[in-house]
1. Taking a probe of 1.4 angstrom, what is the accessible area of LEU239 in Å², to the nearest 10?
2. CYS235's amide H: which non-local residues (gap 5+, or another chain) put their own amide H closer than 5 Å, with H modeled 1.01 Å from N in plane and none for Pro or chain starts?
3. Which far-off residues, 5 or more places away or on another chain, put their amide H under 5 Å from the one on GLU106, with H placed in the peptide plane?
4. If you fit an axis through the alpha-carbon atoms of helix 169-178 and take the longest principal axis of the Cα set of the chain, what angle between them do you get, 0 to 90°, nearest 10?
5. Find how much the distance from ASP127 to ARG88 grows on full extension, using 0.36 nm per residue of separation minus their present alpha carbon separation; answer in nm with one decimal.
6. How would you classify the stretch 1-74 from its alpha-carbon gyration tensor, with a ≥ b ≥ c the square roots of the eigenvalues: rounded for a/c under 1.5, else prolate if a/b is greater than b/c, otherwise oblate?
7. Using only Cα atoms, tell me the angle between helix 40-50 and the longest principal axis of the chain; keep it within 0 to 90° and round to the nearest 10.
8. Note the listed values [x] 24, 37, 25, 11, 3, 0; [y] 31, 60, 9, 0; [z] 32, 55, 13, 0, then indicate which one is P(r) over Cα pairs in 20 Å bins from 0, in percent calculated from this particular structure.
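The values are calculated or read from the model by the stated rules, or taken from the named source; none is laboratory data. Please read these numbers as outputs of a predicted model, since none were measured by experiment. Note: ideal-geometry Cβ built from the backbone for every residue, glycine included; neighbour counts use all protein chains shown. Areas reflect the complete protein model, heavy atoms only, side chains present, ligands, DNA and RNA absent. Shrake-Rupley method; radii C 1.70, N 1.55, O 1.52, S 1.80 Å.
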Amino acid sequence: MSKTPIRVLVADDSTTLRTALCALLSEFPDLTIVGQAADGVEAVEKARALRPDVITMDVNMPRLDGLGATAAIMAEAPARVLVISSVRQHRQLELSFKAIAAGALELIAKPEGGPEDMRRWARRVADSVRLMAEVPVVRRHRWNPFPPRPSLSHGAQVDVVGLVASTGGPPALAYVLGSLPREIPVPLLVAQHIATGFTDGLVRWFGSVCNLKVVIAKDGDLPLPGSVYLAPDGCDLELDREGHTRTPKSNGLHCPSGNKLLASLARAYSSRAAGFVLTGMGDDGALGLLELKRAGGATYAQDEQTSVVFGMPQAAHICGATQTLLPLESIAPAILEICRVKPEVAGAARSRG
């Protein structure tokens, strides 16, 4: 019995790009184009009328931009939204991450080459559409703004925290980072799967919604308390045994690798490290978290109810890597608890975004 094709709505104000993408995606038998939209208002109207499985969404469109269209669609006719953006224009990057915060699932950079580059790009879009089609459609989760601090048992003082995420990760991480005080006594190292070209925008967005210093790690850095480190484009982020950052070129399926980050924390800090695996598709982070647990570190994962995709946290839980599953709103309090931050200091932290 043949599988029902994935229904795709393409929204882009460029007639050339929209027509080319529709034509190239139509070559794949498992995808069917159900409609096109030339602006954000039309995208919302067609999403409501056609109920596509996946929408490819340009961010810079007339009448209503991709951010506004994504927010309206998630409120009125929830769908899986794949944002397509230029990585060379600051405003488009800014809108892209705001669209992610509004409920979009993934980012893909616009093509910049000739016909062959366009065909390769369309294949990447098709692969992303297939992956996104597997994600359950959910409205945005309403988080408790004043969660109780969880009661956690971890004997050693934690001196470094690693966070791993994929699909649904940027808004989840923004929420966690925005809930931490500037005075947090540990550095935070983040492995968020993201397409090449978007890391600078992600750093700026995280920096705008939290009180911490958010930077791209440089090879040989000694991570500082109150700072958040992300891997450079196309690289992994690890710590060597002396605790300095290493940013080797990524050669695996996931970039940056959550497994490599957490395993390096186990080697460098053992019981003085904590790891968290957040929402994401697949199983990255599970084996690294297990290695950290075996080294005596504190290990947690996001629960199913608050995950956009429970794949990565579930994999970590099934393999026995997690001490417990936590709702998203309890992750920042958990970090504060294991870092032994006083409640009055923690209470001063609130997101600026």
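1. We get 10 Å² for LEU239.
2. Under 5 Å from the amide H of CYS235 lie the amide H atoms of SER250, each far enough along the sequence or on another chain.
3. Result for GLU106 returns VAL83.
4. 40 degrees
5. Values: separation 39, 0.36 × 39 = 14.04 nm, distance 2.32 nm.
Taking 0.36 nm per residue and subtracting the Cα distance, the gain is 11.7 nm.
6. On the way: a/c = 2.78, a/b = 1.49, b/c = 1.87.
Since a/c reaches 1.5 but b/c is at least a/b, the shape of the stretch 1-74 is classed as oblate.
7. The helix 40-50 is inclined about 80 degrees to the chain.
8. [z]
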